[in-house]
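The values are calculated or read from the model by the stated rules, or taken from the named source; none is laboratory data. Since we're looking at a predicted model, the values are computed, not measured. Neighbour counts run over all protein chains shown; Cβ positions are idealised from the backbone, glycine included. Each accessible area value is taken on the protein alone, full model and side chains, heavy atoms only, with ligands, DNA and RNA left out. Shrake-Rupley method; radii C 1.70, N 1.55, O 1.52, S 1.80 Å.
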Amino acid sequence: MSCATRWSSRSPASPSSDEHRHPQLFFGSRADIKLGPRRSEDLHRGRSRPGQRTSIADMAMPLEYMGKESFFGGTPPLPQAAGYAIVLGFGAFFSVFTTIMVYLDKTANGTVITSEFFNTAGRNVKTGLTASVIVSQWTWAATLLQSSNVAWNYGVSGPFWYASGATIQVLLFGILAIELKRRARTCHTVCELVYVRWGKAAHLTFIFFCLLANVIVTSMLLLGGAATVNALTGVDTDLASFLIPWGVILYTAAGGLKATFMASYLHTAIIFLVLVVCVYTVYVKEYSSNIIYDNLQAIAGMTETDCKARFSTDGSASSTFFEAGTYSCGGVLDNNDGSYLTMLSLGGLKFGIINIVGNFGTVFVDQSYWQSAIAAKPASAHKGYLLGGLVWFTIPFALATSLGLAGVALGLPITASEAGSGLVPPATAVHLFGDFGAVMMATMLFMAITSTGSAEGIAVSSLICYDVYRRYINPSATGDQILKISRVVIVVFGLAMGALGVALNHMGLNLGWVYQFMGNAIGSAVVPLWNVLMWKDANATGAIVAAWGGMILALATWLIICQAEFGEITVDNLGTLNPNLGGNIVALASSALIHAGFSFASPQNYDFESMGQIEMMENDQSGLDEADYTPEFLAEAKAWITKYGWGFTILMVIVWPVLSLPAGVFTKDYWAFWVFISIAWAFIATITIIALPIYESRDAILGVLMFMVGKKKAEPAKSEEAAI
């Protein structure tokens, strides 16, 4: 289990000194919570009949799971053929779909794909599509899977800290996005900014960290995706790791960033439609907030004897296969009263800190977010990131609050190993919808993997083309050469990531392990990359020492805490909360202090002029109209995103959780309001993110439709030679 620590005996002050405790679960002594006799089929399935309240407190294990030691138990709900159809079929569909869309855009709207357009999408993407792309590339496999794992572990605090802790980075990145428009409107990558400001040594340093971020994100996509495809369809995990990237490779290499954006919109729409179906089913159609509340409280109050009887072959403790810590049964250690329904959760808070620090790395150090900022119109960059962050919040928050907590509340036999691999949402969906639930989850997951995977592929190709090939190998490279290298890199990177996914799987690393570790590796690069645009006195030496020194200190802290806590360093121990908490904090804090110290000692006093002189490959002026870049407008945009970016950040990580603390263990009414927020946010976000891009692109869409029916002639396209 990704968040597990050691077991220890209860203290004498505990209700029962002979019970054992798990870092997430302990067993109370509430005599009023007992396992009752078997009920009808409806009750065994965890569903209520009209006028009847279903509660785990008076319910045995659902009949279909009686005697099962794990939910999936090595028997996938879908045939292998379905797995291959999803992985290969969707990949082929999106390749064909995006290729057709790119062709129609070229033919009807006169778009020419130069190397600039391939890597920047014309620098004129509007607010709705920018937000949709941000949501799409920020929706990893972990967003759908790991968020429910922390709900399974810590209760309501898990989904909240996952969502808020990974939203604020996108909100704050909006500040960098508008600053990028002010300082370096013609750049292609963040590392170009580093080179023109800090020189070659810093440039090579941050190429390493940016590529490392891409590798970490892509490996998590494949680990979570392959594990889920295997559990749902039986397709071999290693084979799935190799096959999943192929669909991404095809349409990304064919159409570049614009094709990625088109596909990302469709991915996002599908993800949100599945999301609202799941939320509606759990809290409106099948159950209610009161039923889930009662069941979560009942689960938290179960004694070890109750759990042994529940997880057994015949309903009695004598035939149990229950092991403490293997299933979500009993109270949550370090939660108020052991309840799942409280924000007073030490484990949840520790995860929140790890989540915040780690995700600063995977946003600020990931070229794909810089690339989306480069592609956006100046009027859309800041608003797109703010809207994207607020819309994205609902995915982990609402999905884990529904499927994640329902998996606990319904008492499904989900093991710690399954949860750590991200299988809580698929398990709950299969329970609720049967085979269709497996199809929905596999589809939703494939959307997340392909959308983020395509963004990572374009990001890596840009770094290799502009910061390696053009900078150090062929400084006189032409646009055609850059275009060819971009496509080759996308293919090679996709295949290499398939191999890495296999290697990580054989090393015994799962999604949860890598997710908690990532901040140790790349967190030290966050502050220097913020400073490159935001602080004129930040110097090169400080940036280099901060990045490498912070990484070394973080990894050392990670190992030292693991050794001190467990007495030995193992892969499993390194994946636990405290070592990663220490390492993540040290990575970010030490880097900030180091860079500040060097810069105060020898300030650079940079004027940012060289950033504005970065050369383009072709004289492609699309998205670079002077009217969009007036100092007055950009200053106003910066003030706007600074106010709202920091405002929503403070609201989400300070005000909201602080206001939740006095509630202690939620009452039914408080919990009902919490659920109402998640449902309302999910539906509003869904309508916004699907409708706004269509509304903003209505002219282009209408042009394509009219061209298809012969009502409009294609606009003359500027030739690449003319553009030059």
Checklist entry - Please state the Cα pair-distance histogram of the range 326-448 with 10 angstrom bins from zero: what percent is in each bin? => result 11, 31, 32, 21, 6, 0
Next on the checklist: Taking the Cα centroid of the range 432-481 and of the range 150-203, what is the distance between the two, rounded to the nearest whole Å?
Outcome noted: 18 Å
Next on the checklist: Quick query: amide H of SER312 versus all other amide H atoms, modeled in the peptide plane; which residues come in under 5 Å with a sequence gap of 5 or more or a different chain?
Outcome noted: GLY67, PHE321
Checklist entry - How far apart, in nm, are the 7 Å Cα→Cβ label points at VAL571 and ASP337? => result 4.1 nm
Checklist entry - So, in nm, how far is label ALA635 from label THR443 when the simple model puts each one 7 Å beyond its Cα toward the Cβ? => result 5.1 nm
Checklist outcome for this item: HN-Hα couplings for the range 209-226 via Karplus (6.51, -1.76, 1.60; θ = phi - 60°), in whole Hz with x for Gly/Pro, come out as 5, 5, 5, 4, 4, 4, 5, 5, 4, 5, 5, 5, 4, 6, 4, x, x, 5
Checklist entry - Excluding ligands and nucleic acids, what accessible area in Å² is computed for TRP681 using a 1.4 Å probe, to the nearest 10? => result 70 Å²
Checklist entry - Given a 1.4 Å probe and the protein chains all in place, what does the accessible area of ASP294 round to, in Å² to the nearest 10? => result 20 Å²
Checklist entry - Using mean Cβ contacts within 10 Å as the protection proxy, how do 432-443, 143-154 order, highest first? => result 143-154, 432-443
Checklist entry - What FRET efficiency, computed as 1/(1 + (r/R0)^6) with R0 = 51 Å and r the Cβ-Cβ distance, is obtained for LYS643 and GLN80, rounded to the nearest 0.05? => result 0.45
Next on the checklist: What number do you get for the range 237-349 when its Cα radius of gyration is normalised by 2.2 N^0.38 Å, N = residues?
Outcome noted: 1.64
Next on the checklist: Please compute the length gained on full extension between THR99 and GLU64, using 0.36 nm multiplied by the number of residues separating them and subtracting their Cα-Cα distance.
Outcome noted: 8.1 nm
Checklist entry - Rounded to a whole number, what % of the accessible area of the range 235-327 do carbon and sulfur atoms account for, probe 1.4 Å? => result 60 percent
Checklist entry - Hey, what's the range 257-393 come to in accessible area per residue, 1.4 Å probe, Å²? => result 23 Å²
Next on the checklist: Give me the percent of accessible area attributable to carbon and sulfur for the range 625-705, probe 1.4 angstrom.
Outcome noted: 75 percent
Item to check | Dimensionless Rg ratio for the range 314-356, taking C-alpha atoms and the 2.2 N^0.38 Å reference | outcome: 1.56
Item to check | Listed peptides 576-582, 645-651 by packing density, highest first (mean Cβ within 10 Å) | outcome: 576-582, 645-651
Item to check | Rounded to whole Hz, the Karplus (6.51, -1.76, 1.60) HN-Hα couplings of the range 387-400, x for glycine and proline | outcome: 5, x, x, 5, 5, 4, 3, 6, 5, x, 5, 6, 5, 6
Checklist entry - Say R0 is 41 Å: what FRET efficiency, to the nearest 0.05, do TYR695 and ILE650 get from their beta-carbon distance? => result 0.85
Checklist entry - Of LYS126/LYS668; LYS200/LYS350; LYS377/LYS643; LYS484/LYS638; LYS350/LYS668, which pairs sit farther than 31 Å apart, going by alpha carbon to alpha carbon? => result LYS126/LYS668; LYS200/LYS350; LYS484/LYS638
Checklist outcome for this item: Whole-Hz Karplus couplings 3J(HN,Hα) for the range 564-580, θ = phi - 60° and coefficients 6.51, -1.76, 1.60, Gly and Pro as x, run 5, 7, 10, x, 7, 9, 10, 4, 5, 5, 5, x, 8, 5, 4, x, 6
Item to check | Three semi-axes of the equivalent ellipsoid, the range 432-573, Cα gyration tensor, whole Å, largest first | outcome: 31, 29, 15
Item to check | Sorted largest first, extent of the range 144-185 alpha carbons per principal axis (Å) | outcome: 45, 16, 8
Checklist entry - Based on the mean of other beta carbon atoms within 10 Å per residue, what is the order of 358-365, 65-72, most packed first? => result 358-365, 65-72
